[in-house]
Amino acid sequence: MNPDIDRWGELILSPAELEEIRTAMADRIREGLNRKDGEIQAIPTYLPPPQPTSTGETIVIDIGGTNMRAAVVALGAGGEVKIVRGPVTAPFLPVWESADAFFKKQAELALSLHPPPDLPVGYCFSYPSAVTPQKDAILIRWTKQLQVPDVAGRKVGELLLNACRNLGYRGRGVTVLNDTVAALLGGNRAFGADDRFQDFIGLIVGTGTNMAAYFPTKLLTSKLADTSYPYQRMAVNLESGNFHPPSLSRFDDEFDAAGPTPGSHRVEKAVSGKFIPQLFSFIEEGRTSPPYPETKEIFQLAQQDRDSPKGALALALINRSADLVAAGLAGLIDTLGSSGNIGILAEGGVINHNPDYKKRVREKLALLLDDDPLSPRRFALLQLENVNLIGAAAAAL
């Protein structure tokens, strides 16, 4: 037994603590569905589950990662999906001189595909925004070090369509959604046709973390700007990275207090690829400033050098991250009330590039749901290439 495992004992969550976290997540989700200032924001998207009968082609633009991407996506009957043109990519610069230049670049990228005229536009826009009943989104603030002047407070979909029009292309409306909701809709569209799943969840565990799911529209009445939404269920962007779970350690409290945004995004600071290296450096060296190791280095330490003090710490942080994700999913599943199989479309490098991590999430979630860890019947962790593009296309149609 590595004695350093005991050194990081407070980073190990007991079954009772995981149950407490699960219950807290469910309570905060229910609270967020009913109020605008909850810890879980539960943002309405005005998007229903995609219909298999909705078919056609769309232009899709995806920003928020290392590159901006564009494609023409065709959705066919029976869940068929085809990337007709693209994807094409361009570097995503962190600083732009003007809003016009920012949106013009995206429009140029999409139009380089020579799309057919008058296609609907799906815009995967992964920045804090307020979604409108018209399925546009008003930027609240930039994150991820992006700086574009004169966009906050404006409708980003409208700005993108205007940029396309200025280049001679008139799109047939725009639908804006973030990456988590795109994962939800994309997974639903691709895997929903065979009736294997009763419900779906969109899960991001990468640079950040978040969840999205469908909820009865009647639960959102107090939050809707337009109550004429005609569907019984609506996709909800939970913004669950802001969840403050019980049983975090003193290390987490001290790390949070030393950072630039104390009190916010507590679970994201314990789970995500952005923060695990920072938390590792803080615990191991007391350091609160760069340089930090890369996320993949933390995983390599945990896998290849787990008998060293650093390796034991890396393993404790990674295992706890997976356990927190599993407990959060269990809490969300509790609020959905689904007794059948749930498809969880998992996106992000932390969960999809590390098989041991995904395995631990699956096994811990199965145990929390009294399911079979080796072959769960109540859920499946799914992965889909280009899910953001597919989900944005499904939303646009």
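Where a number appears in this text, it was derived from the coordinates with a stated rule and is not lab data. If you're wondering where the values come from, they're calculated on a predicted model, not measured in any experiment. We place every Cβ from the backbone using ideal geometry, glycine too, and count neighbours over all the protein chains shown.
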Per-residue Cβ contact counts at 10 Å, fewest first, order CYS124, CYS164 as CYS164, CYS124
May I ask you to list the lysines whose Cα is less than 18 Å away from that of LYS104, ignoring any residue fewer than eight positions away on the same chain? LYS155
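Kirkwood Rh over Cα pairs of region 260-359 into Stokes-Einstein at 4 °C, 1.567 mPa s: D in µm²/s?
For the chosen part, D equals 88 µm²/s.
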If you take P(r) over Cα pairs in 10 Å bins from 0, in percent from the coordinates, which of (1) 5, 23, 32, 25, 12, 2, 0; (2) 5, 22, 31, 23, 12, 6, 2, 0; (3) 4, 19, 26, 23, 15, 9, 4, 1, 0 do you get? (1)
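Where does each of 129-135, 243-249, 112-118, 11-17 land if you order them by average Cβ count within 10 Å, highest first?
Those peptides, ordered most packed to least, come out 243-249, 129-135, 11-17, 112-118.
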HN-Hα couplings for region 170-177 via Karplus (6.51, -1.76, 1.60; θ = phi - 60°), in whole Hz with x for Gly/Pro, come out as 10, x, 8, x, 9, 10, 10, 8
Within 10 Å of each candidate Cβ there may be at most 11 other Cβ atoms; applying that plus a DSSP loop requirement, which GluC sites (Glu not before Pro) in region 225-320 survive? GLU294
Rounded to a whole number of µm²/s, how large is the Stokes-Einstein D of region 314-397 at 10 °C and 1.306 mPa s, given Rh as the Kirkwood radius over C-alpha pairs? 116 µm²/s
Treating the Cα atoms of region 67-150 as identical point scatterers in vacuum, please give the log10 of the normalised Debye intensity I(q)/I(0) at q = 0.17, 0.20 Å⁻¹, two decimals. -0.86, -1.11
From DSSP H assignment alone, runs of 4+ in the chain each adding -39500 (n - 2.57), the sum over residues rounded to the nearest 500 puts [θ] at 222 nm at -12000 deg cm²/dmol
Proximal aspartates and glutamates relative to LYS36, as straight alpha-carbon distance under 17 Å, when same-chain residues fewer than 8 apart are discounted: ASP27, ASP226, GLU239
Select from the chain the helices, each a whole stretch of DSSP H, whose alpha-carbon atoms run 27 Å or more along the helix axis and whose Kyte-Doolittle mean is at least 1.0; answer none if there are none. 309-336
Restricting to lysines and to Cα separations under 24 Å from LYS358, and discarding same-chain partners fewer than 8 apart, the set is LYS269, LYS274, LYS296, LYS310
Reduced to Cα centres, the span from region 182-236 to region 82-125 in Å works out to 25 Å
Output the antiparallel fraction of DSSP beta bridges having both residues in the chain, as a percent to the nearest 5. 60 percent
How would you classify region 123-263 from its alpha-carbon gyration tensor, with a ≥ b ≥ c the square roots of the eigenvalues: rounded for a/c under 1.5, else prolate if a/b is greater than b/c, otherwise oblate? oblate
